[in-house]
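The values are calculated or read from the model by the stated rules, or taken from the named source; none is laboratory data. If you're wondering where the values come from, they're calculated on a predicted model, not measured in any experiment. Cβ sites come from the backbone with ideal geometry, for glycine too, and all protein chains shown count toward neighbours.
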Amino acid sequence: MRTARNLVAVITAATLLGGLVLASEGPTIRPDGGTFDGPMMVAVTPPGREYSLRVTVDGSDPAFEPYSLDGSRPMTQSYAIKAPFRLASSATVKARMFKADKTPAGPIRESRFTIKPKLRPGVPFYPVDWNADVETWWKGHALNPKSPQLFAGAVQSPSFRVNVAEIRERHPESTTAGIDEALAMAPPEGGTLWFPKDCGPYVITKADSAVRLRSGYLWGGAIKIRRRNNLHFLSDGATIRCDHTAFGIAGDEIDKYGQVEHPATNFYFNNLVFDGHGKAGSEMLFMQEGENFHILNTSDVLFDDCRFVGSVSPKTGHGGLLSIAFKSDNIWCRHCHFDSGLWGVYWDGVHGGGLVNCTFGNRFTNGGFVLFTNDDLSPFDFRLREAQYIVVAGCTFGQTDETRIYLNPTAWNMSASNCLFVDNTVNRAYRTGLFMNAKICPDFRPYRYHATGNRIIGNRFDGVDTLLVVEAKIVPKTHPYRIGNLLVRDNTADGLETFLETRHQAGLPKIHDIEVANNRLRGPRLPRLVVQGGGIEGLRIKDNLLAGETRSLVASQDGALPAGAVILSGNRSESNP
């Protein structure tokens, strides 16, 4: 069972829908299961004041057991759920009442929910299948160009349509090139904004301003879109220019019950250029530059054929040109180009999303894509926000003729599980292909975030120094986690120094179960495994072709490794021609 699916919540007495139920009857789940197209809301009738209620959505039986910091007992997330919650993937919802002494007060009630894809209208929604590995999930995904279930045709946009150039002409005083005014015209059910290229560029001069949400987030953008759905921004190649954060999009923040259950949904951007005009960012928000979008609690977002250009790398912070966090899911970019900055894309705690056939330039200080785990949201959400089921497919990081400008750029840096890096090309403009570690959480939070189930398959690395770094490092007084169950298969690399580097801090769980198989790895010297700090077990290096000047395949910087820590089998080596 996946740790990130051990989703348990406490729903305290008299907090959901009001009314009393007898313990012998148990709680009521509404709707009582069924099949649904796309996400839906689930409500559980509360017990009387003398009872509390636990709910699980991973199929396990509700239990009133405290978490343990040493991992000896399963973790529970005991937060008061006082309102209906959003269900975006198939699940068995179980509920049970408990007495004040934590003993069961009635039977377990359960309902099975099947969430199906919802491909039209609007941005296609394809649910995460938590019972499948990420490679299998992606094979049948509607946005996978190789899938037999590929979503074909154009995205269906809202029927209300407004020409932004015409609105700008009517409002010469506009500081948003008519965009704010056009949004104000769109009805509550949504609308489509059209940006004709021959009337561009659309220059935003409105100053940015920050709003501090109840969650503690600072959120902003020159154009703020809050609690709205079904907005599409279409063009034939027009440029939107803004020298600070242009768009801030957000759904509901934490509600009066302490939950975050109502994201903004269905945002589509097609064939637009977002130009940072040599800056792009907001010092008011994060004391950083290099950010075009700041998106919070928003789901079902798709960028098609968009370009992000003209931004600089900030001196502080970790944002990207496309920065998305705070319980945002089903986020996709297809055929987009990211030119320069600190990171091209920064996502925090996203479930179900990715980059397909995108390109990244060589002018990123840190790298192309950074994927974090949203632990700062977890106090407001009974579901773990470990970033999961993220796919990077068919993308190119740097061009073959581009040189490395910055010291240590990485194509994909992640603290996440169940992610797939497939059919990509990483060129010499990037020093490291991928960097993985587990999430660090302060000891006052009962969470464990992991880095397991990730897959690196069928990629080409040309001139990078290190294909993959896996790090287990944590600050004192934090929780143990798992890092491993990683597959590196069928990749090709030239000019490689190290195919895998592990970094382990003493006292932490071992890095475990990594398989490097069927790869073709060449370098000036024989590409090798580098082990720092020991702490590894079950690393299988098998059936690879390795070419380069002869040297040891395994380099341990801390002396001899325990027997069985690294298993070598079926590998072939040859000298470079």
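Observations, loosely collected:
- Unique match (being under 25 Å from Cys336 (Cβ atoms), without any contact (Cβ under 8 Å) to a residue 40 or more places away in the chain and either within 24 Å of the chain's Cα centre (by Cα) or in a helix (DSSP H, G or I) (or both)) among Ala182, Ala154: Ala182
- When residues in the stretch 273-311 are screened for being modelled with pLDDT of 80 or more, of a type in the set (D, E, K, R) and either under 19 Å from Ala250 (Cα atoms) or in a helix (DSSP H, G or I) (or both), 1 of them pass.
- Residues of the stretch 465-487 that are under 22 Å from the mean Cα position of the chain (by Cα), at positive phi and modelled with pLDDT under 90: Gly484 alone.
- Check on Tyr268, in the same structural domain as Ile223 (by TED's automatic domain parsing), aromatic (Phe, Trp, Tyr) and at pLDDT below 70: no
- For the stretch 157-179, taking the residues that are assigned to a loop (DSSP other than H, G, I, E, B) and among the small types (Gly, Ala, Ser), the one that is nearest to Leu234 (Cα to Cα) is identified as Ser157.
- Applying a threshold of 6 Å to beta carbon distances and a minimum spacing of six or more residues, or different chains, the list of pairs starting in the stretch 227-251 at a residue that is within 12 Å of Thr176 (Cα to Cα) and assigned by TED's automatic domain parsing to the domain that holds Ala177 and ending at one that is hydrophobic (A, V, I, L, M, F, W, C) and assigned to a strand (DSSP E or B) reads Ile240/Phe274; Arg241/Val203; Phe247/Ile223; Phe247/Phe293.
- A single entry from Gly570, Gly538 fulfils the requirement of being on the phi > 0 side of the Ramachandran plot, out of contact with any His (no Cβ under 6 Å at 6 or more places or on another chain) and in the same structural domain as Ser415 (by TED's automatic domain parsing): Gly570.
- Exclusive hit being buried (at least 20 other Cβ atoms within 10 Å of the Cβ), at pLDDT 85 or above and touching a Pro at 6+ places or on another chain (Cβ under 8 Å), set Arg54, Arg86, Arg96, Arg109: Arg109
- Cross-chain or 6+ apart pairs with Cβ under 9 Å, the stretch 20-44 first and at negative phi and small (Gly, Ala, Ser), then assigned to a loop (DSSP other than H, G, I, E, B) and modelled with pLDDT of 90 or more: Ala43/Pro31
- Selection status of Arg161, in contact with a helix residue (DSSP H, G or I) (Cβ under 8 Å, 6 or more places away or on another chain) and in the same structural domain as Val301 (by TED's automatic domain parsing): no
- Residue ID - farthest from Phe267 (Cα to Cα), chosen from residues in the stretch 198-249 that are among the basic types (Lys, Arg) and in a strand (DSSP E or B): Arg212
- Strands (runs of 3 or more DSSP E) contained in the stretch 474-577 and holding at least 1 residues among the small types (Gly, Ala, Ser): 483-489, 492-494, 511-517, 520-525, 536-542, 545-549, 554-556, 566-569, 572-574
- Residue pairs whose Cβ atoms lie under 9 Å apart, separated by 6 or more positions or on different chains, with the first residue in the stretch 514-527 and in contact (Cβ under 8 Å) with a residue 24 or more places away in the chain and the second buried (at least 22 other Cβ atoms within 10 Å of the Cβ) and small (Gly, Ala, Ser), are Ile514/Gly484; Asn519/Ala493; Arg520/Ala493; Leu521/Ala493; Arg522/Ala493; Gly523/Ala493; Pro527/Ala493.
- When restricted to residues that are assigned to a loop (DSSP other than H, G, I, E, B) and either small (Gly, Ala, Ser) or over 19 Å from Gly38 (Cβ atoms) (or both), the stretch 87-130 contains 12.
- Search result, residues across the stretch 134-150 that are surrounded by fewer than 17 Cβ atoms within 10 Å (Cβ to Cβ) and not small (Gly, Ala, Ser): Glu135, Thr136, Lys139, Pro145, Lys146, Pro148, Gln149, Leu150
- Tabulated pairs, the stretch 195-224, first without any contact (Cβ under 8 Å) to a residue 60 or more places away in the chain and surrounded by 18 or more Cβ atoms within 10 Å (Cβ to Cβ), second charged (D, E, K, R) and outside any helix (DSSP H, G or I), C-beta under 9 angstrom, 6+ apart or interchain: Gly200/Arg241; Tyr202/Arg241; Ile204/Arg241; Ile204/Asp243; Ala222/Lys206; Ala222/Asp208; Ile223/Lys206
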